[in-house]
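First the structure, in the form of structure tokens, and then the observations on it.
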Amino acid sequence: MPAPDPVVFFGSKKPEAPKGPVDWRTHYHTNEQLFNVAPPSFLIADFLQRESITAIAAPVGQRKSIVALNVAHALCTKEPLFDHFAVAEDANISRVLYLCPEMGLTSFGNRVKKIGLGPYANKTFFFRTMNPVNPNDADSGEMQLDELMPEEVDNAVVIIDTAVRFIKGDENSSADMRVFAKSIFNLVKMKAAAIVVLFHSSKGAKDTGELTLENVMRGSGELGAFVTCCWGTRLQDPNDEYRSKSFLRNCKPRDFDTKPFEVKGYEPYTDFRLHFVPNIGNAFLVKKQGGNVADRDGMDAAAKAIIRANAHQTIDQLLKLLKEAQISRGESWVKKQRKIIRASVGF
């Protein structure tokens with residue numbers, strides 16, 4: 001058998017020998033990784049998952065920052081969130097980092113002190129506002145996510161209030177939102193205990209009778225896609241912003257499904273604590289803030305949701321379910337809606 005032809009190469013270094021084939025199975029997780037993975041766990045039971053990217057979304061002025069501050073209070077004090085959702089005994093986070101370039105130090109600092117986080121400031125609660133942290137450096141009020149250091153983020157809960165202040169580009173652009181998502185995923189890689197991101201809803205979201213992932217998060221669908229969980233929230237009575245109840249619904253349940261609930265408002269100029277309201281049932285009991293005459297009480301969507309979930313029930317049973325949910329609807333209206341819903345699903 002003749003010898004192979006010589007290989008001619010240029011330069012002083014021979015080319016590397018071709019690498020052998022790579023087993024395609026190395027592209028995937030192993031059985032060992034699968035069976036060693038821990039089950040999903042919570043920092044705050046049934047509200048904030050460990051290692052999650054949790055969204056809190058609402059239109060402007062609907063108390064999402066107050067909700068986020070209550071989350072920070074629960075994590076630092078170990079007191080139950082809204083006096084209801086227990087902080088895990090093994091939470092043991094290193095700190096809460098609250099980034100809020102939408103507010104000034106006077107306003108945000110007042111909230112921090114009144115909610116009871118003053119003793120934890122610069123110990124387990126760290127925050128940034130639009131004001132400079134260094135009086136001699138006017139730019140020290142602004143902070144980008146890529147400035148956060150691994151030792152700063154490690155085992156910390158990072159609260160971003162709001163996303164739009166950290167987005168570079170157009171929030172309606174999928175490409176720009178993928179860049180923002182990458183900056184959030186980088187915090188996960190730095191071993192953040194959890195990330196909480198506040199998002200604005202579109203203006204029309206106030207007029208809907210049901211909170212969904214599509215209507216509580218403004219901008220590209222990429223935003224809703226990358227979060228683990230999304231809490232939509234809205235005031236039930238926008239004319240009494242202090243004492244109004246807030247409605248919260250998990251619009252993207254993953255691994256857990258906490259039922260919708262309300263929290264009581266706070267007294268003006270006292271504190272910013274919110275308190276759980278029990279027994280509102282399973283309906284989407286968010287009240288419309290618009291003036292739709294055909295849906296005067298804003299409960300049509302909630303009533304239809306109950307009928308849809310119980311379309312096999314009799315009219316009397318449906319009326320009873322609606323009454324239990326504190327929704328008043330007539331027999332003829334319920335009959336009509338059940339007929340429409342049954343036809344839509346081929347009942």
For this session: Quote the FRET efficiency, to the nearest 0.05, computed for Asn131 versus Asn92 with a Förster distance R0 of 45 Å and r equal to the Cβ-Cβ distance.
Result: 0.90
Exercise. Taking the highest mean first, how do the peptides 38-49, 223-234 order by number of other beta carbon atoms within 10 angstrom per residue?
Worked result: 223-234, 38-49
Exercise. Setting aside same-chain residues fewer than 8 positions from Lys113, which aspartates and glutamates have a Cα under 17 Å from its Cα?
Worked result: Glu79, Glu267, Asp271
Seminar exercise, completed: Rounded to the nearest 5, the percent of antiparallel DSSP beta bridges in the stretch 38-179 equals 30
Exercise. Stretched out fully, how many nm does the piece from Asp316 to Asp255 gain, at 0.36 nm a residue minus the Cα gap?
Worked result: 18.5 nm
Exercise. How would you rank 179-188, 212-221, highest first, on the average number of other Cβ atoms within 10 Å across their residues?
Worked result: 212-221, 179-188
For this session: Output the relative contact order of the stretch 42-277, whole-number percent, from Cα pairs under 8 angstrom with separation of 6+ residues.
Result: 26
Problem set entry | Stokes-Einstein diffusion coefficient of the stretch 28-138, Kirkwood radius over Cα pairs, 20 °C, 1.002 mPa s, in µm²/s | 134
Seminar exercise, completed: Comparing Thr270, Thr26, Thr54 in a Gaussian network model of the chain (Cα, 10 Å), the one with the largest mean-square fluctuation is Thr26
Exercise. Kirkwood hydrodynamic radius of the stretch 42-277 from all distinct Cα pairs, in Å?
Worked result: 17.8
Exercise. Label Arg342 and Thr270 with points 7 Å out from Cα along Cα→Cβ: what is the distance between them in nm?
Worked result: 5.0
For this session: First measure r as the distance between the Cβ atoms of Ser174 and Ser202, then evaluate 1/(1 + (r/R0)^6) with R0 = 22 Å and state the FRET efficiency to the nearest 0.05.
Result: 0.80
Problem set entry | Gyration tensor (alpha-carbon) shape descriptor, the stretch 148-218, a/c threshold 1.5 | prolate
Problem set entry | Selection of trypsin sites (Lys or Arg not before Pro), the stretch 61-133, meeting DSSP coil and at most 13 other Cβ within 10 Å | Lys78, Lys123
For this session: Specify the inter-centroid distance of the stretch 108-134 and the stretch 40-57, based on alpha-carbon positions, in whole Å.
Result: 22
For this session: Summarise the long-distance tail of P(r) for the stretch 299-344 by giving the % of C-alpha pairs beyond 13 Å.
Result: 43
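Taken together, the values in this text are just the output of simple stated rules run on the coordinates, not laboratory data. Predicted, not measured: the structure shown is a model, and the values here were computed from it. So basically every Cβ, Gly included, is an ideal-geometry build from the backbone, and we count neighbours across all protein chains shown.
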